[in-house]
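**Student:** Here it is: the structure, laid out below.
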């Protein structure tokens, strides 16, 4: 079995979406002074590799804590023309962005979740359409060029009450 890490590293003052608050990761206790290390972190729910749920862009949309863990992992396929969308399978967009033709097919036959390589950025209207239709989406996945066509994807969010999304530790299990 092989594991491929798909998560960006979070760090102090990392780049953020224009207009979002700065990431702050600050050491507040040390082994020398208090006898333990402890950091305080401040960042948004959509920093680094993260998951979006409907509440992010849909009034009264489903919130993160309303999902069970099994919504955030499963059999996954790399998107290629002609791929069949299925509620039992996730789709990762490694080699291209999502356009209006693809979104129409996704809405008709909804995948379990979709993911987007860090090489691409969601068009806001496409992202809203996904979320309006209850499709969970991941952004900023790294190392997607290392993925085979089929694998098991895990993108487990923090259990944040009533949240619109969460940073995730995403990875693929191969074999």
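**Student:** At pLDDT below 95 and either touching a helix residue (DSSP H, G or I) at 6+ places or on another chain (Cβ under 9 Å) or in a strand (DSSP E or B) (or both), is that true of residue 122? Spell out how you get there, then give the answer.
**Tutor:** Details: at pLDDT below 95: yes; either touching a helix residue (DSSP H, G or I) at 6+ places or on another chain (Cβ under 9 Å) or in a strand (DSSP E or B) (or both): yes.
Yes; evaluated as a whole, the condition is true for this residue.
**Student:** Quick test of your reading of the structure: residue 66 fulfils all but one of (1) touching a helix residue (DSSP H, G or I) at 6+ places or on another chain (Cβ under 6 Å); (2) more than 26 Å from residue 9 (Cα to Cα). Name the failing condition by number.
**Tutor:** (1)
**Student:** Mind checking which residues of the range 155-175 are in a loop (DSSP other than H, G, I, E, B) and modelled with pLDDT of 95 or more? Break it down into steps so the answer makes sense when it comes.
**Tutor:** Of the residues in the range 155-175, the ones in a loop (DSSP other than H, G, I, E, B) are 158-164, 175.
Within the range 155-175, 158, 159, 160, 161, 162, 163, 164 meet the criteria.
**Student:** Going residue by residue through the range 117-125, is there one that turns out to be more than 15 Å from residue 56 (Cβ to Cβ) and surrounded by 18 or more Cβ atoms within 10 Å (Cβ to Cβ)?
**Tutor:** Yes, the range 117-125 has at least one match.
**Student:** Another question about this same structure. Name the one entry in 62, 89, 80 that is under 21 Å from residue 130 (Cα atoms) and exposed (fewer than 14 other Cβ atoms within 10 Å of the Cβ). Talk me through it step by step, then tell me what you get.
**Tutor:** Details: 62 fails: exposed (fewer than 14 other Cβ atoms within 10 Å of the Cβ); 89 fails: exposed (fewer than 14 other Cβ atoms within 10 Å of the Cβ).
Testing whether each residue is under 21 Å from residue 130 (Cα atoms) and exposed (fewer than 14 other Cβ atoms within 10 Å of the Cβ) leaves just 80.
**Student:** What's the number of the condition residue 96 fails, among (1) under 15 Å from the mean Cα position of the chain (by Cα); (2) without any contact (Cβ under 8 Å) to a residue 60 or more places away in the chain; (3) in a loop (DSSP other than H, G, I, E, B); (4) more than 17 Å from residue 57 (Cα to Cα)?
**Tutor:** Residue 96 satisfies every listed condition except (1).
**Student:** Please tell me if residue 151 is in a loop (DSSP other than H, G, I, E, B) and either in contact with a strand residue (DSSP E or B) (Cβ under 9 Å, 6 or more places away or on another chain) or farther than 20 Å from residue 166 by Cα (or both).
**Tutor:** Details: in a loop (DSSP other than H, G, I, E, B): no; either in contact with a strand residue (DSSP E or B) (Cβ under 9 Å, 6 or more places away or on another chain) or farther than 20 Å from residue 166 by Cα (or both): yes.
No, not satisfied.
**Student:** Restricting attention to the range 1-52, report how many residues are assigned to a loop (DSSP other than H, G, I, E, B), closer than 24 Å to residue 124 by Cβ and in contact with a strand residue (DSSP E or B) (Cβ under 6 Å, 6 or more places away or on another chain).
**Tutor:** Matching residues across the range 1-52 total 8.
**Student:** Further, regarding this structure: As an exercise: evaluate residue 15 against (1) loosely packed, with under 14 Cβ neighbours inside 10 Å; (2) within 21 Å of residue 160 (Cα to Cα) and give the number of the one condition it does not meet.
**Tutor:** Single failed check for residue 15: (2).
The values are calculated or read from the model by the stated rules, or taken from the named source; none is laboratory data. Because the structure is predicted, anything quoted here is derived from the model rather than measured. When we count neighbours, we look across all protein chains shown, and the Cβ atoms used for this are built from the backbone with ideal geometry, even at glycine.
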